[in-house]
1. If we keep just the residues of segment 281-301 that are free of Cβ contacts under 8 Å to residues at least 60 places away in the same chain and within 16 Å of the ligand (Cβ to nearest atom), which is farthest from Val7 (Cα to Cα)?
2. Can you spot a residue in segment 202-217 that is under 20 Å from Arg156 (Cβ atoms), at pLDDT 95 or above and in contact with a Phe, Trp or Tyr (Cβ under 8 Å, 6 or more places away or on another chain)?
3. Within segment 116-150, can you find the residues that are within 13 Å of the ligand (Cβ to nearest atom) and open to solvent by 10 Å² or more (accessible area, probe 1.4 Å)?
4. Please work out which one of (1) closer than 19 Å to Thr313 by Cα; (2) part of a strand (DSSP E or B) is the condition Val224 fails and give its number.
5. Which condition does Arg45 not pass, out of (1) within 16 Å of the ligand (Cβ to nearest atom); (2) buried (at least 17 other Cβ atoms within 10 Å of the Cβ); (3) in a loop (DSSP other than H, G, I, E, B), if it passes all the others?
6. How many residues are over 20 Å from Tyr18 (Cβ atoms), within 16 Å of the ligand (Cβ to nearest atom) and charged (D, E, K, R) if we restrict to segment 151-173?
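The values are calculated or read from the model by the stated rules, or taken from the named source; none is laboratory data. The model shown is predicted, which means the values in this text are computed figures rather than measured ones. No Cβ is skipped: glycine too gets one built from the backbone with ideal geometry, and neighbour counts run over all protein chains shown. All accessible areas refer to the heavy atoms of the entire protein, side chains included, with ligands and DNA or RNA removed. Shrake-Rupley method; radii C 1.70, N 1.55, O 1.52, S 1.80 Å.
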Amino acid sequence: MGKIHAVITGISGYVPKYVMTNEEISQIVDTSDEWIMTRIGIKERRILKKEEGSGVGYMAAKAVEDLIRKTNLDPKEVEAVIFATSTPDYIMPNAAAMAAHRAGMTNAFCFDLSAACSGFIYALEVANAYIVSGKYKKIMVLAGDVLSVITNYTDRNTCPIFGDGCGAALLEATGEEIGIMDSIMRTDGNSLQYLNMIGGGSVNPASHETVDKNQHTIWQDGKVVYKHAVSNMSDTCVELMQRNNLTKENLDWVVPHQANRRIIDAVASRMGVSSDKVMINIEKYGNTSAGTIPLCLWDWEPLLYKGANIILTAFGAGFTWGATYLKWGYDPK
Ligand code: UT7
């Protein structure tokens, strides 16, 4: 084998059955379908109800089950499981370990990765480095969140945005000129004040006080986050395009994190890419944090073909952000 690349050889996802519409949100807080559609672009989101199942591991298990079926994967061949999530089933053990156990990936070493909405591209970055090192050949990347459990349903600034969902991607080593080609990953750790959930960690461990102060839910300064999301995602995408000779013509798809339709449109416009090349499913799932990009790839899988030039880009708490350029690994099955 010549130069080793890490390529996605299968993608799957799972979203819970319960559909929470804008009409339902409007009965909980002072908002409207028109405001949410115009300002964010979300029509409905999925919510994991206790009657269906609990924890992000429940959704991951469904996604992995489907992925194993689609790829004829022997789960025992998977050597590592990386789970990008901000809502693991428990603080410990890690969610990846339990997901691996459930799916029979019993020869894998497993860990969670915390990078909020950038979790999927960060996890791809790590999996890619493991594979190109030559030491590992098959890695399962899981990415998703049950944001409904950390959403403040009395805050109209945040509660319409979030939903639940999880994706799964199988990465394998290949000698072909496909898979992950290049990436730019960035972090600015001086942004706690703009996007956070400050309760439940070692600074503010769970207590009556943290519950009373609503510190176990996401808070954000939406306008600041919005501006950083647009400029940082588009800057990394433009840099990635320039150094890989990608143009609006030869770039086939952009897969942006789904936080706000207006952010997605602004990033595509700064990249000079027409909207028909941008994967968007925010209207039906909302922002599922680490889950948005794999859920888009899962939705669009029938339209993807071997060698298609794709840029993934995300922005989230941290701040974390980045962009990954990959050539798709297979034709529709
Ligand atoms: O995935 C992690 C990264 N997160 C993001 O990327 C999110 C980035 N931020 C955003 O997407 C947007 O900033 C929001 C969707 C959160 C908010 O949109 P905005 O256009 O920035 O609205 P705003 O915060 O400036 O609020 C404008 C007005 C305010 O009223 P006043 O003060 O002008 O009277 C808000 O109180 O809209 C009001 N408002 C609402 N009205 C109806 C805020 N939320 C709502 C609502 N329904 N749900």
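1. The qualifying residue farthest from Val7 (Cα to Cα) is Asn281.
2. For segment 202-217, residues under 20 Å from Arg156 (Cβ atoms), at pLDDT 95 or above and in contact with a Phe, Trp or Tyr (Cβ under 8 Å, 6 or more places away or on another chain): absent.
3. Matches in segment 116-150: Ala116, Cys117, Ile150.
4. The one condition Val224 does not meet is (2).
5. (3)
6. Within segment 151-173, residues that are over 20 Å from Tyr18 (Cβ atoms), within 16 Å of the ligand (Cβ to nearest atom) and charged (D, E, K, R) number 2.
Let's see how each residue does on (1) under 26 Å from Asp265 (Cα atoms); (2) within 16 Å of the ligand (Cβ to nearest atom); (3) crowded, with 16+ Cβ neighbours inside 10 Å; (4) modelled with pLDDT of 95 or more:
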position: Ala6; (1), (2), (3), (4): no, no, yes, yes
position: Val15; (1), (2), (3), (4): yes, no, yes, yes
position: Ile25; (1), (2), (3), (4): yes, yes, yes, yes
position: Glu34; (1), (2), (3), (4): yes, yes, no, yes
position: Gly41; (1), (2), (3), (4): yes, yes, yes, yes
position: Lys49; (1), (2), (3), (4): no, no, no, yes
position: Ala80; (1), (2), (3), (4): no, no, yes, yes
position: Phe83; (1), (2), (3), (4): no, no, yes, yes
position: Asp89; (1), (2), (3), (4): no, no, yes, yes
